[in-house]
Amino acid sequence: MNKEEAIEIVYNALLSEYSIPVSIRSMNGVNKIQYEELKKSILFLTDYYKNTDKVPKKVALAFVDISNYFFVPNLSYSKEDHELFEDYGIELSELANELFDYE
């Protein structure tokens, strides 16, 4: 994987018409392979940008309001699915904190 591929994976998984949030809201759940690929890409970008104070806007935009993408109380999912989606949102928020950590 390279930087450009990782950025595209993050963008597509969180903001495109084929994104995980769109899939959830369309009552199609979460593609676990797409989710794992997203996490892998975030970890790659975290390592790639760890020694810089700049991250591309395209990446930053994908994480704006990230936890809200996974909070779907008005959709007819099971309690377990609601909890799973919320766990995904929390995990992605934590990964975003690592990505944007500035020391």
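Since every read-out is calculated from the coordinates, none of them should be taken as a lab result. Not measured: the values here are computed from a predicted model.
Between S78 and E94, what length comes free when the chain is fully extended (0.36 nm per residue of separation minus the Cα-Cα distance, one decimal in nm)?
3.3 nm
D for region 3-99, whole µm²/s, Stokes-Einstein with Kirkwood Rh over alpha-carbon pairs at 25 °C and 0.890 mPa s: what number?
Values: Rh = 13.6 Å.
Taking Rh from Cα pairs, D becomes 181 µm²/s.
Taking the Cα centre of each part, how many Å lie between region 1-57 and region 69-96?
16
Hey, what do the phi angles of region 69-82 turn into as Karplus ³J(HN,Hα) couplings, whole Hz, using 6.51/-1.76/1.60 and θ = phi - 60°, x for Gly and Pro?
5, 10, 9, 10, x, 8, 9, 8, 9, 5, 4, 4, 5, 4
Straight-line reach from K3: which lysines have a Cα under 23 Å away, not including same-chain ones fewer than 8 places off?
In chain and number order, the partners are K32, K39, K40, K50, K54, K57, K58.
Just to confirm the number: angle between the C-alpha axis of helix 3-14 and the first principal axis of the chain, 0 to 90 degrees, nearest 10?
20
Against the longest alpha carbon principal axis of the chain, how many degrees, from 0 to 90 and to the nearest 10, is the axis of helix 32-48 turned?
The angle comes out at about 20 degrees.
Each residue of region 59-65 in turn: what ³J(HN,Hα) in whole Hz from Karplus with 6.51, -1.76, 1.60 and θ = phi - 60°, glycine and Pro shown as x?
6, 4, 4, 4, 9, 5, 6
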